[in-house]
Amino acid sequence: MIAELGLALLWIAAALACLSLVAGTLFLRGGSKDLAALVRPASVAQGVLTAAAFGLLIALFVRSDMSVELVARNSNSLKPMIFKIAGTWGNHEGSMLLWLMILSLSGGLIAIFEKRLREDTLVATLAAQAALSLGFFAFLLFSSNPFKRLPVAPPDGQGLNPLLQDIGLAFHPPTLYVGYVGLSVAFSFAVGALITREIGPAFARAMRPWVLGSWIFLTLGITAGSYWAYYELGWGGWWFWDPVENVSLVPWLAGAALLHSVAVTATRNALRAWTVMLAVIGFSMSMVGTFIVRSGLLTSVHSFAVDPERGTFLLVLMAIYIGGALTLFALRAGAVAEGKKFALLSREGSLVINNLLLTTILALVLLGTLYPIVAEAMGEKISVGPPYYNRVAGPLALILCLVMVAGPLLSWRKDDGKRLWSRLPLALFAGAAVLFALILFGGKVGILPLLGMTVAGIVAVASLAPLWGRNLRRTPLPTWGMVIAHFGVAVCLAGMGAESAFIKERLVAAAPGDDIRIGDFSVKFAGVKPVAGPNYTAIEGTLVATTSSGSRFTMKPEARTFPGLMGTAPTETNEAALLTRPGGQFYAVLGQPVTSDDGRADRYQIRLWWKPLVWWIWLGGALIAVGATLSMLGRAQLLAIWRARRARKLEERFAP
Amino acid sequence: MKAKHQRLILALVALGGVAGAGVLAASALSDEAAYFRTPVEIEDGKAEVGEAMRLGGMVAKGSIVRQADGLTIRFVATDGKASVPVEYKGIVPDLFGEESGMVADGRMRADGTFVADRILAKHDERYMPPQMGDMPKNMKAAAGV
Amino acid sequence: MTNRWVLFVPLAIMGLLFGAFIYRLVTPAETLIQSQWIDKPMPLFDLPPATAGVEGLKSSQLADGKPRLVNVFASWCIPCRAEAPQLEALKAAGVPIDGIAIRDRPDDVAMFLREYGNPFDRIGADMQSSVQIALGSSGVPETFLIDGKGIIREQIQGVILADQVPEIVAKLEAMK
């Protein structure tokens, strides 16, 4: 019954989306006010019902109901509970339902919370959101029904792949999805504002918390994904410029550009057409990215196989949405009155440069990701790897960081160069200090890491400058948010630079008892012993690292063997061992036993890395997310509402 | 007048920036994009010594030989028509093995050996073409019941 | 005033992007490696029976005048199980099918035939994958279309799909 109920809920929710769309359209074409009154409750109900349907799908996975095809194909009654739950969205149909649920819930949340927009713009926004969800409802119900039953239920399911049982892999996609789909709200706001021609500060302020919110999730998703790849793949890298990583980075870049341009529109009523276009681009990039990965257009370890029919369906949907929004933009944006003027040397000017750089990086990353497709159309098989991205994105990102130094120190509308210069000496001094220290003591350092660390020094000091001379308790939350996020960029950049410049690597075949020197550490390979896990066996190596100060630490990397499932070949994986120190991280991988000439396997391959400051990269990512969160709380005025409510309560209590 | 002047500068900066980025991208793409080659293409002389590329093929049965240092392996990558010796120093990826597909990043050495910096393994024993997805009868079969 | 046509630039870029996607959807990536033996005679081999109660397979048996299929499979290969109904359908359409079991144990092969049916006239055991390699086959399942003179005419990599069955029957018919 659960599956049938879930399907019924989906159909009802789709009908409600249809209702919102039709009622909203009729109202906007001059229909009665009663029609507009329908849209809000319908959006809320649609959100609730879709969430309930998703809840029912989780219930089916929890109960291991193998009569449902999706469960039988992707789950197994022997799986640990947490992976049964995660299995819900670890497949095509379930992840589409998750996508749709977030889309519908955001529509519902706009309907509940948005009070600042004009009524007709809000109705247009909700109608746009309903139109978006309607397409994905059609996709789900007609070509990817997650609740489909099997004629005969198999005794157990086939989803028991040990490689997919990873907690990071289980919760990474939903985080990114919230970010991707959150941008749909900005898209709908943009479409709504274009329809009613209400493009101005009110629209920007309504959109702002949503942009920040989804950008927080994208930041967290990308940061966590980077760390997952780092410890799980055993290659010790933190960013591979894999297509899957790129398609999550592209919406993040669009979101970063959007949240800065929306600040200009909200505060100064300028850059209006640009903000609208970025809002359209942000969600478009989310859809294109998801589509590229899901359809197998670009091969990657994470891609689900999607058949061409489904791929075409998604492509048509996207063409309608993106093409429709861009056509509307082309027709209406010309009529958008020119925004308020500003000088080049002003806060607005710096944000314009920030936006130009971010969109350029976005375009170059997208170009690198799609170039293999284009090249193949011309008959060459090509892969675009890290050297390309480092070369094009690296320098632009550094310039972007320098603009970030100046931007927050400039005042709106117009500033003068001397004033800016007078606020910079400390930051420039910090940068110079880093540069000299690196040249004097750093040895041979590549030009990009060298500049990266120097810029990080400048940014770290300059990012704190907006707090100077301020009463910290009275500094508004968004300012705190900006300072922390910009400081986070500096931390992240310093981590990347230090890791690339000073990484130490050793690859040895060592026998138990051997000492390996790496950096300031001496590592003793104490030996190996067999261990057994819940569904694997492993060889566990013991490495004892001694620091120059004499402290000792033990690391236990494993080489695991999962038995072949249902007659398939056994799978071997390497579990890296990590040791976090204040100055960086130690990373150890145990490889295969090495057979000597006399046939004895007495040595083992061991790969060691010392990665200075590497954890600063993720710390920086987390700081950026924290900063954006503070900023969002300030913008959404939740705190103000809460304070007002508390004040009212206190008043009531002391009222006579 | 002043404002208009500023706008013009901004537009020029933007235009220059975009053009610069285009040039940067074009030169980086032509320098850094690595060709995807198969052994037969290498045999046909399509690969220059020292040029970064990606090699795809099968690991020939019985060809994996570990060198005396215990770290370097040599094997033969084949596509059925031609084969190329490959040398790699390091720990091979989780799914690497004889007769499995592999993709290697690296470059050709003058002696005709492909020196890999990184090896990616492909595992396809469980791969099912997407068209199979909706067939309940086969599903049952595939589930091994 | 902004030039109006500038506003259409994003739309145009999107059009180009989608053009590339459509192209790619219509022409899926060519990732198959074709055997060097196409249009050449079968390499010489003589394989022992893969399990009790079946005949082994010799290359000379493939040139008996009747076009046929040679299916490379294994009991441990999951897609091969999914392919079984299509082989049965081909068998029912009168197509002779020979099998080569790759790196397999006799008991497992027998089990596989019991569970998923036996459409094969003969099954050779290729314990070392030597014939598979000689054929330039890169995985299981793979199927070779062989004409009456023992010459390989086509190689199908991966599972034969249900809608490919009539096409294969027609092709073999044309070779007669």
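Which residues, taken from the range B:61-70, are more than 9 Å from every other protein chain (Cβ to nearest Cβ) and in a strand (DSSP E or B)?
B:65
Mind checking which residues of the range B:24-35 are crowded, with 19+ Cβ neighbours inside 10 Å and either closer than 13 Å to residue B:105 by Cβ or within 16 Å of the chain's Cα centre (by Cα) (or both)?
Hits for the range B:24-35 are B:29, B:33, B:34.
What's the number of the only condition in (1) in a loop (DSSP other than H, G, I, E, B); (2) more than 7 Å from chain A (Cβ to nearest Cβ); (3) farther than 30 Å from residue A:390 by Cβ that residue B:46 fails to meet?
(3)
Taking only the range A:112-157 into account, find how many residues are of a type in the set (Phe, Trp, Tyr) and crowded, with 17+ Cβ neighbours inside 10 Å.
4
Only one of (1) within 14 Å of chain A (Cβ to nearest Cβ); (2) part of a strand (DSSP E or B); (3) in contact (Cβ under 8 Å) with a residue 40 or more places away in the chain fails for residue B:73. Which number is that?
Just one mismatch for residue B:73, condition (3).
Give the range A:333-342 a look and list any residue that's surrounded by 19 or more Cβ atoms within 10 Å (Cβ to Cβ) and more than 14 Å from residue A:273 (Cβ to Cβ), or say none.
A:342
Which of the residues that make up the range A:507-524 are over 13 Å from residue A:591 (Cα atoms) and assigned to a strand (DSSP E or B)?
A:515, A:516, A:517, A:518, A:521, A:522, A:523, A:524
Taking the range B:76-119 as the region of interest, how many residues are within 14 Å of chain C (Cβ to nearest Cβ) and not hydroxyl-bearing (Ser, Thr, Tyr)?
Summing the residues that are within 14 Å of chain C (Cβ to nearest Cβ) and not hydroxyl-bearing (Ser, Thr, Tyr) in the range B:76-119 gives 14.
Which of the residues spanning the range A:404-420 are surrounded by fewer than 18 Cβ atoms within 10 Å (Cβ to Cβ) and among the aliphatic types (A, V, I, L, M)?
Selection gives A:420 alone.
Yes/no per residue for (1) within 27 Å of residue A:505 (Cα to Cα); (2) at pLDDT 80 or above:
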residue: B:70; (1), (2): yes, no
residue: B:92; (1), (2): yes, no
residue: B:98; (1), (2): no, no
residue: B:115; (1), (2): yes, yes
residue: B:121; (1), (2): yes, no
residue: B:124; (1), (2): no, no
residue: B:132; (1), (2): no, no
residue: B:140; (1), (2): no, no
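In the range A:360-387, what residues are facing another protein chain (nearest Cβ under 9 Å), β-branched (Val, Ile, Thr), in a helix (DSSP H, G or I) and over 28 Å from residue A:461 (Cβ atoms)?
Of everything in the range A:360-387, those that are facing another protein chain (nearest Cβ under 9 Å), β-branched (Val, Ile, Thr), in a helix (DSSP H, G or I) and over 28 Å from residue A:461 (Cβ atoms) turn out to be A:373, A:374.
Looking only at the range A:330-369, which residues are without any contact (Cβ under 8 Å) to a residue 40 or more places away in the chain and polar (S, T, N, Q)?
The answer is A:360, and nothing else.
Looking only at the range A:91-125, how many residues end up being modelled with pLDDT of 90 or more and under 25 Å from the mean Cα position of the chain (by Cα)?
15
Would you say residue B:88 is assigned to a strand (DSSP E or B) and either more than 30 Å from residue A:508 (Cβ to Cβ) or over 16 Å from the mean Cα position of the chain (by Cα) (or both)?
So residue B:88 fails the test.
Residue under question is residue A:168, and the condition is that it be assigned to a loop (DSSP other than H, G, I, E, B) and modelled with pLDDT under 90; does it hold?
It is false that residue A:168 is assigned to a loop (DSSP other than H, G, I, E, B) and modelled with pLDDT under 90.
Looking only at the range A:388-431, which residues are part of a helix (DSSP H, G or I), of a type outside the set (S, T, N, Q) and either over 30 Å from residue A:365 (Cα atoms) or modelled with pLDDT under 85 (or both)?
A:417, A:418, A:419, A:420, A:421, A:425, A:426, A:427, A:428, A:429, A:430
The values are calculated or read from the model by the stated rules, or taken from the named source; none is laboratory data. In this text, all values refer to a predicted model and were calculated from it rather than measured experimentally. For neighbour counting, all protein chains shown are included, and Cβ atoms are generated from backbone atoms with ideal geometry for every residue, glycine included.
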